[in-house]
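Inspection log for the structure reproduced underneath, given as structure tokens.
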Amino acid sequence: AQAGAGAQLDNAVLVDNPDGTQFGGGNLVVSVAGATADDNLVIVQTSLVTVVGNQIFHNGYLFAEIVSDGSAGSALQINLLSLASTPRVNDLIEAIHYQSTSPAAGSTTIDYALTDAELETVSQSLALTITGSQAPTISGLNTTPSINAAQPGAGAMRDKRVRVVNPERARFGE
């Protein structure tokens, strides 16, 4: 699945394939343990990784194809093509985000399985803690202002002590 939001799972991935065979012919499978229809794994486009239909490009080069899109609790399964090098797979894994249509506080496990060109597979798990939705807050607001309607500019009063905080860093109104 392709989207523009969600929580990035890891921004410092280090994939290594010391035998030098790269990843063409292998695959990447990412899944949420105990997933429900609310759980989604998505590929968020970056300056290097882009998705068109089921094709994944790195800096304009096709290197992978989506087999299963990670939506509604299903695993995100990606076949790696001949141009799937270590740096491209690193960037792809960093572009994977978790979304929930019904976020609830708790924890879950994200499982990764990466298979290289020689069909050797390595698995790794990531513990994901979900803090739930946090409402924005407003503090320092003068709740009893007085304005003299006869003054020029009446109604253009500001309160310099107002502070608006949005812990989820989402835009208001979305």
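The values are calculated or read from the model by the stated rules, or taken from the named source; none is laboratory data. Quick caveat: nothing in here was measured; it's all calculated off a predicted structure. Note: ideal-geometry Cβ built from the backbone for every residue, glycine included; neighbour counts use all protein chains shown. For accessibility, only protein heavy atoms count, side chains too; no ligands or nucleic acids. Shrake-Rupley method; radii C 1.70, N 1.55, O 1.52, S 1.80 Å.
Kindly indicate whether Asp10 is farther than 14 Å from Ser100 by Cβ, among the charged types (D, E, K, R) and open to solvent by 40 Å² or more (accessible area, probe 1.4 Å).
When the stated conditions are applied, Asp10 passes them.
For region 34-87, a tally of residues being among the polar types (S, T, N, Q) and assigned to a loop (DSSP other than H, G, I, E, B) returns 10. The residues on offer are Gln99, Gln134, Gln124, and the sole one that is surrounded by 10 or more Cβ atoms within 10 Å (Cβ to Cβ), modelled with pLDDT of 80 or more, polar (S, T, N, Q) and over 16 Å from Val42 (Cα atoms) is Gln124.
Quick grid of which residues meet (1) open to solvent by less than 40 Å² (accessible area, probe 1.4 Å); (2) under 21 Å from Ser125 (Cβ atoms); (3) touching a residue at least 12 places away in the same chain (Cβ under 8 Å):
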| position | (1), (2), (3) |
| --- | --- |
| Asp38 | no, yes, yes |
| Leu62 | no, no, yes |
| Ala72 | no, no, yes |
| Val89 | yes, yes, yes |
| Thr109 | no, yes, yes |
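Does region 48-60 hold any residues that are in contact with a helix residue (DSSP H, G or I) (Cβ under 7 Å, 6 or more places away or on another chain) and open to solvent by less than 40 Å² (accessible area, probe 1.4 Å), and which are they? Explain how you work it out, then say what you get.
Taking region 48-60 first, the residues in contact with a helix residue (DSSP H, G or I) (Cβ under 7 Å, 6 or more places away or on another chain) are 48-49, 56, 58.
Within region 48-60, Val49, Ile56, His58 meet the criteria.
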